Amino acid sequence: MRELRLSHVYMNYHTLQGETKALEDISFSVHDGEFVSIVGPSGCGKSTVLNIIAQLLTPSSGEVLVDNKNLIETNLKIGYMFQKDQLFEWLTVWDNVLLGLKIQHKVNEENEAKVTKLLKNYNLWDFKNHYPNQLSGGMRQRVALIRTLALDPSILLLDEPFSALDYQSRLNASDEIYKIIKHEKKTAIMVTHDIAEAIFIKILLLKKFLHYYIYYIILIIITL
């Protein structure tokens, strides 16, 4: 994948009470190797953007293109990290990381070697036989990321993956995850309402909140 592009995407939800606009005329592109953060307050449609890219939702209008081809016509491999780490408490770190490969019947010597290397590279090998409740919040997020990386996705989608952590842990975990993704040369889109998580990453601002967040960013940059 060289480029993922959203072009004039709209998303409307219809209920018995009427129509709700979730997204209006959203256009942006993400290039290979970029780490992009979409910033906005709760309820502005950030997660909806990710769900459209993941093909969990179909936009009301507009296009999602991968290298100028419609997304549904490609075999783009997508990894999705949710707000919760989704680790199974009764499985060890090793078994949690291998779970996606097991589901896809891709557990083999080569992939096990890859998982071993990932765990060693990111300081989790010594914890491979531990259970999730024996890990810190940041370590759990690293395990969840390695489980996703084991499937070798072309692009990673991160939906506020640090929201369950306290402030200091959130900053540390976001820094660790960013470094891992860049080291693995992966393309990633992260949504967050916390500008501190996104300050060192390419930032996209949803239009309806543009002026507020530009002011917010300027204030933070001045105080750094």
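The values are calculated or read from the model by the stated rules, or taken from the named source; none is laboratory data. What you see is a predicted model; the values in this text were computed from it and never measured. Please note: Cβ atoms are built from the backbone with ideal geometry, for glycine as well, and neighbour counts cover all protein chains shown.
Among the residues of region 34-43, none is identified as of a type in the set (A, V, I, L, M, F, W, C) and either within 14 Å of Pro59 (Cβ to Cβ) or not in a strand (DSSP E or B) (or both).
Checking each residue of region 82-93 against the condition of being surrounded by 19 or more Cβ atoms within 10 Å (Cβ to Cβ), in contact (Cβ under 8 Å) with a residue 12 or more places away in the chain and more than 23 Å from Asp194 (Cβ to Cβ) gives at least one match. For region 103-125, a residue qualifies if it is crowded, with 16+ Cβ neighbours inside 10 Å and of a type in the set (S, T, N, Q), and exactly one does: Asn111. Among the residues making up region 14-44, those that are at pLDDT 85 or above, over 21 Å from Tyr178 (Cα atoms), touching a helix residue (DSSP H, G or I) at 6+ places or on another chain (Cβ under 9 Å) and not hydrophobic (A, V, I, L, M, F, W, C) are Glu24, Asp25. Just wondering, is there one or more residues in region 51-66 that are part of a helix (DSSP H, G or I) and assigned by the TED database to the domain that holds Gly137? No, region 51-66 contains no residue that is part of a helix (DSSP H, G or I) and assigned by the TED database to the domain that holds Gly137. If you filter region 70-89 down to residues that are part of a loop (DSSP other than H, G, I, E, B) and aromatic (Phe, Trp, Tyr), you find that the one that is farthest from Ser29 (Cα to Cα) is Phe88.
Report yes if Val97 is in the same structural domain as Arg140 (by the TED database) and touching a helix residue (DSSP H, G or I) at 6+ places or on another chain (Cβ under 7 Å), otherwise no. Yes, satisfied. Take the conditions (1) of a type in the set (Phe, Trp, Tyr); (2) touching a Leu at 6+ places or on another chain (Cβ under 9 Å); (3) in the same structural domain as Met11 (by the TED database); (4) surrounded by fewer than 20 Cβ atoms within 10 Å (Cβ to Cβ); Phe162 misses just one of them, which is (4). Counting only residues that are part of a loop (DSSP other than H, G, I, E, B) and either aliphatic (A, V, I, L, M) or surrounded by 12 or more Cβ atoms within 10 Å (Cβ to Cβ) (or both), region 1-33 holds 4 of them.
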